Structures are given as structure tokens and as C-alpha cells.
Amino acid sequence: MSEAPVPSTGASLFSLVPDAEAAAASARAAADRLVIPITRGLRRTSGQVSGSAAGSSIDFQDHRPYMPGDDPRHIDWQAYARSGHYTMKLYREEVRPLVDLVIDCSPSMALDAVKARRSLELAAFCLETVQRSASSLHVFTLAGATTTPLENSLALHQIAIAGEVESVPRFELIPWRAASLRIVISDLLFAANPEAICPALAAGNGRGIIFAPHCTAESDPDWQGNTELADCESTARRDFQFSQDDLRQYRATYANHFALWQDATRRCGIALARVSAESPLVDALRENALSVGAVEIA
């Protein structure tokens, strides 16, 4: 629930942030100091980042004896002239990380002005970090059961906040690539069992990171007495009478909700970083994302 206006259907997140250009610039500056650990635990594939196994890049690494079926183009003929034995040149493997970035576009992601800005900053930070790494990047927005692929270079301007969402985000509908790093930007404010969602982020040898923006308006609201609230995932509005006991119960339920997410992500080896919207982006990332391994010092 929120006292803030619900964004209109299809509203661009960029348009909802008054100083969007400055927010994007601060995110790019944050990427100079902190980065997402994209190559940690990377599985073998072909690409542009040097790995530790033998492969087919131009950097010579070692020799090994020739075996039937080996590509004769990699025989070291100079070594054969010296020894009379066929040996193979080994080269350092090149790997190009696969990164699938998913941005939750539920209306709660723009609950108020500070949270909308933080959601935009996190998207800009992730895009900047991944693009600097020369990874193979796929970007999607997700609103309920609606998945929308975005063009990488325009993704920050293509994020459209849904006006109303009829179901929880269906992360299993994302076409995750095998062995990819799955980065999700979501506040996780939906009624769903985390144990049923988290396995999708680790399936197929994948590795998951969740950046969850949050703000004081949701974690510690100041509702008192008669209050009209708008459901942040729909256009419904209702009147409530809040007491101090009601607020205590709400805060306890909110804390328990994220305790369940912490437990579920820990079981699946997913890094869950809750990112406050009330402090500068770098400080907010250092506060929690650094300690859980969602980011590291550049």
C-alpha cells in the first residue's frame, strides 16, 4: 500500500524521475568504484575475457602430446623438428560472460520519488557495469506475466512501469541462458513463496544476484488514524484506521517477508542485496551489496 500516486500505465521510469540524467550519471560514476563480479565462477564458453583453461585464443600457454583427433593446425612443427615428436600448442581460453538482466516493472518500483530514482540508478549501474565488461547482455523488463526484451543501448529509456499488475512477476518465463549470470532488479514486494522463485535464478548452472531497492515509506510508514491507501500494484484505494499496534504488526510482517527471501536466496546461492533509496548509491551499495558479494571494489 502507498499514499503516492500510482504511475500511469506504460509510464517510462526515466520520465518519472525529475533528474533522470543526473541519476544515470551518478550510477555511471558508481561503476567507477564498484562493479558486479561478472566473471566469478564463470563457466567455459567462447568470447573475449581470458579464462584459466586451455582454448583457442592467440595467447600461447603450454604444450601437450598430440592425440588422435587433434587439429593438426595446432601442431608445433618447430618442436617436432627438434624432437621428432608431435606436440600440440595450447592457448589460453577466451570466455565471454553471459549476463541476463531483468528489471521488475511493478508499480511498487516507483513507490515514491526516492525509490523511483534508486530503481533507475540500479538499472543504470547494472547496464554500465555489464557493458564495460564486454559481456553478452540480454535485458528484459517483467511485469506479472509480461516479459519485454529491451535493446541494450536504449534499455534505460525503455523501462516502462506498469500501471496495474494482475499477478506476481513470473521469473520462470524469462528465457535464461545456460550458465548465465542472472541479475534481477526487484523490490520483491509481492505475495509469493521465495522458495518457488529462487530456483529459476540458479537453474542451468546459472548464478543469481538480486538488487532490491527499498525506501522508508514502505519499511517504516507513518500511517496514523484514518488513512486512504492505494494498492501499489493496482488502482484500488481503501480507507484504513491505523493504530500503533497495527504499525508494529506491519513492520514485523515486512521484516519477516524479507527474512524469508534472505533464507531462500541463501539456500540457492543467490546474492540478495537490499539497497536503500535514502542514501547515495555508492554508500547504499557498500552498506549491503558489498558484504553479500553482489558487488566488489573496482
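Things worth noting here:
- One residue stands out in the stretch 188-224 among those that are more than 22 Å from R40 (Cβ to Cβ) and in contact with a Phe, Trp or Tyr (Cβ under 8 Å, 6 or more places away or on another chain): the one that is surrounded by the fewest Cβ atoms within 10 Å (Cβ to Cβ), namely Q224.
- Only one of the listed residues (F125, F140) is surrounded by fewer than 24 Cβ atoms within 10 Å (Cβ to Cβ), assigned by TED's automatic domain parsing to the domain that holds S186 and within 11 Å of the chain's Cα centre (by Cα). That residue is F140.
- Which listed residue is modelled with pLDDT under 95 and either part of a helix (DSSP H, G or I) or among the polar types (S, T, N, Q) (or both), from S119, S167: S167
- Some residue of the stretch 252-269 being outside any helix (DSSP H, G or I) and at pLDDT 90 or above: yes
- Some residue of the stretch 217-232 being over 14 Å from the mean Cα position of the chain (by Cα), in the same structural domain as F258 (by TED's automatic domain parsing) and within 25 Å of L34 (Cβ to Cβ): yes
- Among the residues of the stretch 1-40, those that are within 17 Å of L111 (Cα to Cα), at pLDDT 75 or above and of a type outside the set (A, V, I, L, M, F, W, C) comprise S12, S15, P18, D19.
- Long-range neighbours under 7 Å by Cβ, at least six apart or interchain, first residue more than 13 Å from A123 (Cα to Cα) and modelled with pLDDT under 95 within the stretch 138-157, second among the hydroxyl-bearing types (S, T, Y) and surrounded by fewer than 20 Cβ atoms within 10 Å (Cβ to Cβ): G144/S167; A145/S167
- Options L201, L150: the member that is assigned by TED's automatic domain parsing to the domain that holds N288, under 14 Å from the mean Cα position of the chain (by Cα), on the phi < 0 side of the Ramachandran plot and hydrophobic (A, V, I, L, M, F, W, C): L201
- Taken over the stretch 270-286, the criterion of being of a type in the set (D, E, K, R) and not in a helix (DSSP H, G or I) is satisfied by R274, E278.
The values are calculated or read from the model by the stated rules, or taken from the named source; none is laboratory data. Since the structure is predicted, the reported quantities are computational estimates derived from the model, not experimental observations. Every residue, glycine as well, gets a Cβ built from its backbone with ideal geometry; the counts of neighbours run over all protein chains shown.
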